[in-house]
Amino acid sequence: MLSPIQVLCSDITTLSLEPEPFASYTEADIISTVEFNHTGELLATGDKGGRVVIFQREPESKTEPFSQGEYNVYSTFQSHEPEFDYLKSLEIEEKINKIRWLPQQNAAQFLLSTNDKTIKLWKVSERDKRPEGYNLKDEEGRIKDISTVTSLQVPVLRPMDLMVEVSPRRVFANAHTYHVNSISVNSDYETYMSADDLRINLWHLDITDRSFNIVDIKPANMEDLTEVITAAEFHPHHCNLFVYSSSKGTLRLCDMREAALCDKHSKLFEEPEDPSARSFFSEIISSVSDVKFSHSGRYLLTRDYLTAKVWDLNMESKPLETYQVHDYLRSKLCSLYENDCIFDKFECAWNGSDSVIMTGAYNNFFRMFDRNTKRDVTLEASRESSKPRAVLKPRRVCAAGGKRRKDDISVDSLDFTKKILHTAWHPNENIIAIAATNNLYIFQDKLNSELH
């Protein structure tokens, strides 16, 4: 079973493993993205206040066997500030929409972060030595009078307390008219793409003043607009392939070898609609909010409002697997439309072996589905149920009018203000990170999990 190893509060000044039960938070503290790096040793979160917090995994201790796996704050920095577009009279929020790590190639780490308009490349490095014994500077760094220098000495490096330095290396701006919803690093490690509602741009990591437009679905007349791009991602192994999803529930696989502008897709993945099940909400709930390639590159995982689907790249006609995330909400769609919850964008994640998928739900619940055994579980990320080292108990929601068992939760008592939109899975181990409002929960499968 999964057991929590930490409950972290996004407000770094009051960070603790068990925050105050009713600690107040502001809108700026709400976590808006979560991402492990390629080794899983670092975990980054972004929030609505434009801050990025990086957590580092503690090394295993012989004296404290349980300490291995805990993540402590490594660095925190302000990535984006609020801006104002004077030409369009629009405020540009500082909220971090996405973070993507670059594979580590030297001692430093690099990550991309984006708000609605501007993408930034950050370098994260460590310094534990400082140079001493300059010939032309004194101990306080002031330039000496050359006439007073009578002998030369060799500068030396002295040990110092570890210091983590974060510096901006590139700023990629002025390329998106609409809000950026996705960034994805290519497997060539030289390029990445950024997607907004109507266009996808290809960037070189070393060039900030130009990008190549590879998808443009903007019609000549905006009144003819029928769909928007909701997410995009590069194939994990083939640098020429990428996929993007739309608000109509379709997925398009594109090959950059075919044309400079990928307006014609290579494959279109679309599930035929059942006419008998069509309703006013059909188009809204079919909109794909997230798409992820499996680690193998063979499958696609998508999330719409009510379901998670696994697609085989070799089968376009229908999904290989469909998982009901919270089907008990079908009877509540009208009220969810009125309170705008129906437009919530849930993310999804694969485990390291592509055998289990995970996605969020309401009431701080998250769902996990085992693709091999077809078993599923609902778990809760909350301070009450997530005491460190405690085992999480499966939860069950009883549909309206259904037979209710002990400990079942009625669909009418679900709290729709508590929602888990952002999740991440460690690339190699059964460690997951769950963002719930301003709290980050990290769970680890110490024992045989219910799903394994």
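Modelled with pLDDT of 95 or more and under 23 Å from the mean Cα position of the chain (by Cα): does that describe residue 213?
No: the conditions fail for residue 213.
Counting just the residues of the stretch 179-203 that are farther than 22 Å from residue 264 by Cβ and in contact with an Asp or Glu (Cβ under 6 Å, 6 or more places away or on another chain), which one comes out least open to solvent (accessible area, probe 1.4 Å)?
Here the residue is 180.
So in the stretch 321-350, with the set limited to residues that are under 16 Å from residue 399 (Cα atoms), in contact (Cβ under 8 Å) with a residue 60 or more places away in the chain and of a type outside the set (D, E, K, R), which one is most open to solvent (accessible area, probe 1.4 Å)?
331
Hey, can you tell me all the residues within the stretch 251-284 that are within 22 Å of the chain's Cα centre (by Cα) and at pLDDT below 95?
none
So, in the stretch 94-106, exactly how many residues are outside any strand (DSSP E or B) and closer than 18 Å to residue 181 by Cβ?
The qualifying residues number 4.
Mind listing whichever residues of the stretch 81-93 are part of a loop (DSSP other than H, G, I, E, B) and in contact with a strand residue (DSSP E or B) (Cβ under 7 Å, 6 or more places away or on another chain)?
82
Can you name every one of the strands (runs of 3 or more DSSP E) wholly within the stretch 107-175 that holds 3 or more residues which are in contact (Cβ under 8 Å) with a residue 60 or more places away in the chain?
109-114, 119-132
Quick check on my filter: what residues within the stretch 168-189 are touching a strand residue (DSSP E or B) at 6+ places or on another chain (Cβ under 8 Å) and within 16 Å of residue 110 (Cβ to Cβ)?
168, 169, 170, 171, 172, 183, 184, 185, 186, 187
Please count how many residues of the stretch 6-44 are at pLDDT below 55 and of a type in the set (D, E, K, R).
Counting residues in the stretch 6-44 that are at pLDDT below 55 and of a type in the set (D, E, K, R) gives 3.
Only one of these conditions is not met by residue 128: (1) farther than 23 Å from residue 179 by Cα; (2) among the charged types (D, E, K, R); (3) modelled with pLDDT of 90 or more. Which number is it?
In the conditions (1) farther than 23 Å from residue 179 by Cα; (2) among the charged types (D, E, K, R); (3) modelled with pLDDT of 90 or more, residue 128 misses (3) alone.
Within the stretch 263-292, restricting attention to residues that are assigned to a strand (DSSP E or B) and among the aliphatic types (A, V, I, L, M), which residue is nearest to residue 183 (Cα to Cα)?
Looking at residues that are assigned to a strand (DSSP E or B) and among the aliphatic types (A, V, I, L, M), I get 291.
The values are calculated or read from the model by the stated rules, or taken from the named source; none is laboratory data. None of the values given here were measured: they were computed from a predicted structure. Quick reminder, even Gly has a Cβ in these numbers, built from the backbone with ideal geometry, and neighbours come from all protein chains shown. All accessible areas refer to the heavy atoms of the entire protein, side chains included, with ligands and DNA or RNA removed. Shrake-Rupley method; radii C 1.70, N 1.55, O 1.52, S 1.80 Å.
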